[in-house]
Every structure is written in structure tokens, then in C-alpha cells.
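Novice: Let me give you the structure first, and then I'll get to my questions.
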Amino acid sequence: MSSLRFQAPPLDISSVLHGGFHHPVLRKYQNNGRNLTKDMFMYPIFISDDPDAEQIVATLPGQKRWGINKLEGFLGPLVKKGLKSVILFGVPMEMNKASTTDEVGSPADDPETPVIKALHLLSKLFPGLFLAVDVCLCEYTSHGHCGVMSQLPNPTHSNFPTLDAEKSAQRIAEVALAYAEAGAHCVAPSDMMDGRIRAIKLALMQHGYGNRVALMSYAAKFASGLYGPFRDAAGSAPEYGNRKCYQLPPNARGLARRAIKRDAAEGADILMVKPTLPYLDIVSDCAQLEPDHPVAVYQVSGEYAMVVAGAEKGIYDLKQMAFETVESFVRAGATVIISYFTPQFLDWLDEPRTE
Ligand SMILES: NCc1[nH]cc(CCC(=O)O)c1CC(=O)O
Ligand SMILES: [Zn+2]
Ligand SMILES: [Zn+2]
């Protein structure tokens, strides 16, 4: 018989938490007023310039590049299940090959560019669907960077491309305006150039879109290792160097807070943090710094692929893990969730949850 070496003290009132969540209904009450709902989800869609494309992206399991002829068949059933919004990315593979790309990304706002055609079509097909569109130059520039370069790259300093802030902001505003004219309800610049929110807002206002197009800023976008599958899908990897001079350093909480406050002051209607899982502190900062703005989060391609890969390895259950990630986003303060899991959540949120 072992001698009693320690006698735990009797529980007192402040020790007892289990009483508050022993029942499934009680567990629902513990969400601090934040519920995960279908209308929080925004689904990223890649639009190809091959009108009949339905191309698998090897590194982004389950996602495809879609031709505009396939959009009705693809999105119709999702809209029926409750899909409320999409964010479009133009991925003009043929345009790139045909050397129509240039220093300023002219194909971005060519009337024939796939994303403009898709905006026209989707506005007609699904009048109730909220149409956001990513605004960036990297899919369309010859150098693959997100802005306009100020000079030719210096080969001895090739990791540090220099961008022309004014020319970049002006060009990006021009592209955003073209997407507004094509029917976008929301333009979302992902380039991270200085001053582009202000430039886009002014361009929208000057052309009568100030009160009917939302501006969603990729406000705190980090130079992350998690964008790889997206760059495959979009063909948007830079030709040289990297994006560390315009996307935020992963250790930079202060810079992220400044970027969030700046973009709110420059006229952003929605503030986004990206990627999400390694940056939940920034999501929480964003919700606290700008409590009067919707906070969007982007569960980016690499985060999605990680969750899928771990489930395939048998490390965890896919649905449980996907829920755990998005619940963490909501807990941190997100009100909009951009995720490649959107189609699954449209089903999962109808199924009874195992409590
Ligand atoms: N500016 C382009 C852009 N817009 C959205 C993403 C990433 C999205 C994802 O990984 O799912 C990127 C990639 C990048 O900045 O390199
Ligand atoms: Zn870009
Ligand atoms: Zn630099």
C-alpha cells in the first residue's frame, strides 16, 4: 500500500469549470457570441484564359483552373448550397506564353482578360453572388513582381527589386477601376505597394464607384512560405528575387499593426490578414485596432494543402482539423474567411456536428 504523499485540497468555487461545458448545448454557449456561418466564407476561384479549361493544380488538391464556359456548371450547385461570395484570380496561362506580358502588366485590364470576362458572365448568371476580385500585377507582368519596377534589376542585389511606389499605385488603381467597371462588387489589392489603397479609393470615387464598390485590403500580408501552390496555380512566381521588400517580414508585429491602421485610414472597407494560422495574433490585433471594420482572413494555398496532406497521412481527421482551423480564425476575430475549403463547409455546416 502506497503511503499518501500528497493530499489534494478540496475544490473550491473558483476551481470548477467542467460544470459549464458538460453538455453539447452548453458547449455551444461558450462561443462568446461568435458563430461560424456559411455566409462568412469567400471561395477563391482561378479563371483560365482557355474557355473550356478544367485543369487540375497538382499542388492544390481539389482545386482547378476554370474556363469561363465551365463556371455555370461548377458554381451553380455551390450557390444552391448557400455560397455567398467568391474572389476571382485571373490566371492567363496562354497570355503569359504569348509574350503579351510587359513591365506594367498590360493584360491585367485588357477587355479580353479572363477575369473581366468572368465578372461580366457571373454578374448575369448569379445576380445574388458577391463578386470580389484580386487586384495584382504579378500574374501579368514580364518580371512577375506585384508592382511596377523603378529600374532594371541589379544582378548583384537581385533579391531586392526596387519598385516605383507612385507608378505602382497608379497602375494598380487603373486595374481596380477596370474590374469595378466590369461588375466587381469588391476589389482586393494583394500587391502590398505603399499608397495603393488611397489611390484605388480615389479612382473609384472619381468614377462614381465610391459608394458601390467595396475595397478589401490585403492589409497585413506576410512574405510567407505558404503561397507555393497558389503560385503554381496562377503562374505568378517572380522571375528573379523575392517579395521580401514589399510583403511583411514574419517577425514584424509592429509593421503589421501600422499597415492595418494605415490601410483603414486610406479608405479600406475590409481589412485582411494573410496567411492566417501562423498569424492569429495579428488577426486579433486587427480586430482590436479596427473594431469597426470587418476582418477578413485568407487561409492560403499552403495552409489548405497542409491540412489536406496531414489528413491523407492519417495524422488527423480532415473535417475535424478544418473546423479547428476556422474556429481559431473566428475566435481571433475574423468575420470573413477566404478558404479553399469553402465547398466542403457548405456541406459540413448542414451536417450535425459530433459533439
Ligand atoms: N499577389 C498575388 C497573390 N494573391 C494571393 C496570393 C496567395 C494566395 C494563396 O496562397 O492561396 C498571392 C501570392 C503571392 O503574393 O505570391
Ligand atoms: Zn502579386
Ligand atoms: Zn528593398
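Rule-based calculations on the coordinates, nothing more; no lab input. Small disclaimer: the values here were computed from a predicted structure and weren't measured. Please note: Cβ atoms are built from the backbone with ideal geometry, for glycine as well, and neighbour counts cover all protein chains shown.
Novice: Report the paramagnetic label zone for residue 258: residues of the range 277-292 whose backbone N is under 17 Å from a point 7 Å from Cα along the Cα-to-Cβ axis.
Specialist: It comes to 286, nothing else.
Novice: Run lengths n ≥ 4 of DSSP H only: what is the helix-derived mean residue ellipticity at 222 nm for the chain, with -39500 (n - 2.57) per run over all residues, to the nearest 500? Walk me through the numbers before you get to the answer.
Specialist: On the way: 12 runs with 125 residues, N = 355.
Estimated from H runs of four or more residues: -10500 deg cm²/dmol.
Novice: Cα-Cα over 20 Å: which of 167/261; 28/274; 38/81; 38/319; 81/117; 38/80? Walk me through the numbers before you get to the answer.
Specialist: On the way: 167/261 23 Å; 28/274 28 Å; 38/81 9 Å; 38/319 15 Å; 81/117 25 Å; 38/80 12 Å.
Among 167/261; 28/274; 38/81; 38/319; 81/117; 38/80, the Cα-Cα distance tops 20 Å for 167/261; 28/274; 81/117.
Novice: For the chain, give the magnitude of the charge dipole about the Cα centre (Cβ charges: +1 Lys/Arg, -1 Asp/Glu; no others), in debye to the nearest 20.
Specialist: Working: 34 positive and 39 negative charges, 194 e Å.
Dipole size: approximately 940 debye.
Novice: Tell me the label-point distance for the pair residue 123, residue 311, using the 7 Å Cα-to-Cβ offset, in nm and rounded to one decimal.
Specialist: The two pseudo-label positions are separated by 3.6 nm.
Novice: Taking the DSSP beta bridges in the chain as the whole, what percent of them are antiparallel, to the nearest 5?
Specialist: 10 percent
Novice: Tally Lys/Arg at +1 and Asp/Glu at -1 over every other residue whose Cβ is under 12 Å from the Cβ of residue 71; what's the total?
Specialist: On the way: positive: 64, 65, 70, 117, 124; negative: 52, 54, 72.
Once all neighbours under 12 Å are counted, the net charge is +2.
Novice: Right, something else. Residues of the range 263-307 with backbone nitrogen within less than 18 Å of a virtual label 7 Å along the Cα-to-Cβ line of residue 327, please, listed as ranges.
Specialist: 277-278, 280, 307
Novice: For the charge dipole of the chain, defined by +1 on Lys and Arg C-beta atoms and -1 on Asp and Glu C-beta atoms about the Cα centroid, which residue among 291, 17, 114 has the Cα displaced farthest towards the positive pole?
Specialist: With unit charges placed on the Cβ atoms, the residue in question is 17.
Novice: Something else now. Sorted from largest down, what three extents in whole angstroms do the Cα atoms of the range 165-232 have along their principal axes?
Specialist: Here the spans come out as 39, 25, 18 Å, largest first.
Novice: What percent do you get for the relative contact order of the chain when only Cα pairs under 8 Å and 6+ apart count?
Specialist: 17 percent
Novice: Turning to a different aspect of this structure: Over all directions, the average projected area of the alpha-carbon convex hull for the range 163-318 comes to how many nm²?
Specialist: Working: hull surface 42.1 nm².
With the hull built on Cα positions only, its mean projection is 10.5 nm².
Novice: Taking Cα atoms of the range 16-158, Rg/Rh with Kirkwood Rh, to two decimals?
Specialist: 1.16
Novice: Can you sort 48, 328 by how many other beta carbons sit within 10 Å, fewest first?
Specialist: Values: 48 23, 328 15.
So the residues, fewest neighbours to most, are 328, 48.
Novice: Arrange the following residues from fewest to most other Cβ atoms within 10 Å of their Cβ: 15, 301, 85.
Specialist: Ranking 15, 301, 85 by Cβ neighbours within 10 Å, fewest first, gives 15, 85, 301.
Novice: Cα atoms only: what Rg and Dmax, in Å, come out for the chain?
Specialist: Expressed in Å, the Cα Rg and Dmax of the chain come to 22.2, 86.
Novice: Right, something else. Compute the long axis of helix 301-312 from its Cα atoms, compare it with the longest principal axis of the Cα atoms of the chain, and write down the angle in degrees, 0 to 90, nearest 10.
Specialist: The angle comes out at about 50 degrees.
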